[in-house]
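A.B. asks: Have a look at this one before I ask anything.
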Amino acid sequence: KKLGLTEDDLKPKFECEKCSDVGFIGSTMCDCYKKRRNEELIKASGFDASKLPTLSEYKTDEILNASQKTALEKIKDKLLSWANKYPNIQKNVIMISGQTGVGKTFLVKSLAGEMFKKNANVCFVSSLEMNEMFLKYHTTFDSNKQAQIAPLIESEILFVDDLGTETILNNVTLNYLYLILSERDRFNRPTIFTSNLLADGLLSKYGERIYSRLFNKRTSFCVNLSGEDLRLK
């Protein structure tokens, strides 16, 4: 009292009042922890979370090709509807395919930004990075083994860019891609892909087991984008 202090002045000042900076409320992950974890996952993917675009801000004003513009707006609206319904969704696999430069990656980055804004636990990797994680998992024989692919299995929403550009490694790529798809489906964790390959190309490269996971009509929706290379425009 002589120092002019009150009882409140002697209490710890937490950044998060909900969990008292512990990160968990009971056994449930607190939103503050989710946000920080998401920032680290996105940073590890080579992105600045604060600079990710969102679907709400997605614009097609500069696209001159009318049919391409309409197609992109339709898929943007469909993805935004999916994001707004999450986690009450029926489709947990999204495949966006099409030739180089038609806007696939920017669309899924915008969806990642939308989900990050909702504090969803997001992991964004290229198929090449994913394949490297598979190889590290395959060649690790100590207690760190599971950590090599944990983000691919445990992240709330996984984004894989450019599926099909990676080299198929014997006893590695197909085995662990199937494992990831199976585990994520088991826990109803969404996985979003982009690929330059169409359905027939994906079937040829990955075989029927993986193809059936990617194109299961009950749990997946697929979109093929066509048009001009927007990067050149």
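The values are calculated or read from the model by the stated rules, or taken from the named source; none is laboratory data. From a predicted model like this one, the values you see are computed outputs, not experimental measurements. All Cβ positions, even for glycine, are placed from backbone atoms using ideal geometry, and neighbour counts span all protein chains on display. To get the accessible areas, we keep the full protein, side chains included, count just its heavy atoms, and leave off ligands, DNA and RNA. Shrake-Rupley method; radii C 1.70, N 1.55, O 1.52, S 1.80 Å.
A.B. asks: Kindly provide the helix-only [θ] at 222 nm of the chain, computed as the sum of -39,500 (n - 2.57) over DSSP H runs of four or more divided by all residues, to the nearest 500 deg cm²/dmol?
C.D. replies: Counting only the DSSP helices, I get -13000 deg cm²/dmol.
A.B. asks: A follow-up question, please. Can you list residues from other chains, or at least 5 along the same chain, whose modelled amide H is less than 5 Å from the amide H of CYS30?
C.D. replies: Under 5 Å from the amide H of CYS30: PHE24, ILE25.
A.B. asks: Taking the highest mean first, how do the peptides 22-35, 191-204, 115-128, 162-175 order by number of other beta carbon atoms within 10 angstrom per residue?
C.D. replies: Highest to lowest by the protection proxy: 115-128, 191-204, 162-175, 22-35.
A.B. asks: Further question on the same structure: Return the ratio Rg/(2.2 N^0.38 Å) for the chain, where Rg is computed over Cα atoms only.
C.D. replies: Rounded to two decimals, the normalised Rg is 1.18.
A.B. asks: I would also like to ask the following. For the range 163-180, in order, what is each residue's ³J(HN,Hα) by Karplus, 6.51 cos²θ - 1.76 cosθ + 1.60 with θ = phi - 60°, in whole Hz (x at glycine and Pro)?
C.D. replies: Calculated HN-Hα couplings, in order: 4, x, 8, 7, 6, 7, 8, 4, 6, 10, 4, 5, 4, 7, 5, 5, 4, 4 Hz.
A.B. asks: Then there is this: Would you mind putting 75-85, 97-107, 7-17 in packing order, based on average other-beta-carbon counts within 10 Å, highest first?
C.D. replies: Output ranking for 75-85, 97-107, 7-17: 97-107, 75-85, 7-17.
A.B. asks: I would also like to ask the following. Skip the ligands, DNA and RNA, and give the accessible area per residue of the chain with a 1.4 Å probe, whole Å². Before the final figure, lay out the partial values.
C.D. replies: Working: 13370 Å² over 233 residues.
So the chain comes to 57 Å² accessible per residue, rounded to a whole number.
A.B. asks: I've got another one for you. Heavy atoms only, probe 1.4 Å: what % of the accessible area of the chain goes to carbon and sulfur, would you let me know?
C.D. replies: 51
A.B. asks: Right, another one. Where does helix 127-138 land angle-wise versus the long Cα axis of the chain, in degrees 0 to 90, nearest 10?
C.D. replies: On a 0 to 90 degree scale, this one is about 70.
A.B. asks: Let me ask something else about it. Starting at the first residue of the range 109-116, write each ³J(HN,Hα) from the Karplus equation 6.51 cos²θ - 1.76 cosθ + 1.60 with θ = phi - 60°, in whole Hz, x for Gly and Pro.
C.D. replies: 5, 5, 5, 4, x, 5, 6, 4
A.B. asks: A further question on this structure: What's the long-distance tail for the range 181-229, i.e. % of Cα pairs beyond 16 Å?
C.D. replies: Tail of P(r) above 16 Å: 43 percent of Cα pairs.
A.B. asks: Enumerate the calculated ³J(HN,Hα) couplings along the range 142-159 in order (Karplus 6.51 cos²θ - 1.76 cosθ + 1.60, θ = phi - 60°), each rounded to whole Hz, writing x wherever the residue is Gly or Pro.
C.D. replies: Result, ordered by residue: 10, 5, 8, 4, 5, 5, 5, 10, 3, x, 5, 8, 8, 4, 4, 9, 10, 10 Hz.
A.B. asks: When the chain is fully extended, how far beyond the present Cα-Cα distance does PHE14 get from LYS2, taking 0.36 nm per residue of separation?
C.D. replies: Taking PHE14 through LYS2 to full extension adds about 1.8 nm, to one decimal.
A.B. asks: Same structure again: Using the Cα atoms of the range 40-160 to build a convex hull, what is its mean projected area in square nanometres?
C.D. replies: Average of the hull's projected areas for the range 40-160 equals 8.6 nm².
A.B. asks: While we're here: PHE24: net charge of surrounding residues, Cβ under 15 Å, Lys/Arg +1, Asp/Glu -1, itself excluded?
C.D. replies: +1
A.B. asks: Which cross-chain or sequence-distant (5 or more) residues have an amide H under 5 Å from the amide H of CYS16, H modelled 1.01 Å from N in plane?
C.D. replies: ASP21
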